[in-house]
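Read through the structure below, which is laid out as C-alpha cells, and then see the notes.
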Amino acid sequence: MTTSLYTVTGMTCQHCVASVTSEVSQLSHVTSVDVDLPTGRVTVESDAPIPADDVVAAIDKAGYPAVATV
C-alpha cells in the first residue's frame, strides 16, 4: 500500500471535494481518496506507486491547483 499527500487550493464546498475525489479515484491503482476541505489536504492510497504528476493532473482536471506534499 502506498500513501501520498497533496495540497489543493481553491476548494470551498462539498461539491469541490466530490469533484476531486471523483477525478483522482479514476486513476489506476487508487484504492482510496480522502479530501480534508478545511486544510486542503488530499490523501491518496494506492496498491502501487502512482506518479505525483498524474495525481496533480487529475486534481487539475477537477478544476483545482495542487502540489505534492513531501
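The values are calculated or read from the model by the stated rules, or taken from the named source; none is laboratory data. Here the structure is a predicted model, which means the values were calculated and not measured. Here the Cβ positions follow ideal geometry from the backbone for every residue, glycine too, while neighbour counts run over all protein chains shown. Quick note on the areas: whole protein, heavy atoms, side chains included, nothing else; ligands and nucleic acids left out. Shrake-Rupley method; radii C 1.70, N 1.55, O 1.52, S 1.80 Å.
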Expressed as a rounded percentage, what relative contact order does the chain have, with Cα pairs under 8 Å and six or more residues apart? 45 percent
Positive minus negative residues near Q26 (Lys, Arg vs Asp, Glu; Cβ under 11 Å): -1
So how much slack lies between A52 and D34, counting 0.36 nm per residue of separation and subtracting their Cα-Cα distance, in nm? 4.9 nm
Along Cα→Cβ, 7 Å out, is where each label goes; now give me the distance between the ones at A68 and R41 in nm to one decimal. 1.9 nm
At the level of C-alpha centres, the distance separating segment 36-70 and segment 12-32, in angstrom, is 9 Å
Can you tell me how much longer the chain between Q26 and T12 gets when fully stretched, taken as 0.36 nm per residue apart minus their C-alpha distance, in nm with one decimal? 2.8 nm
State the percentage of accessible surface on the chain attributable to carbon and sulfur atoms; use a 1.4 Å probe and exclude ligands, DNA and RNA. 53 percent
C-alpha long axis of helix 52-61 to longest principal axis of the chain, angle in °: 30 degrees
Among rounded, prolate and oblate, which fits the chain when a ≥ b ≥ c are the square roots of the eigenvalues of its C-alpha gyration tensor, a/c under 1.5 means rounded, and a/b larger than b/c means prolate? prolate
Could you work out how far helix 14-25 tilts from the main Cα principal axis of the chain, as a 0 to 90 degree angle to the nearest 10? 20 degrees
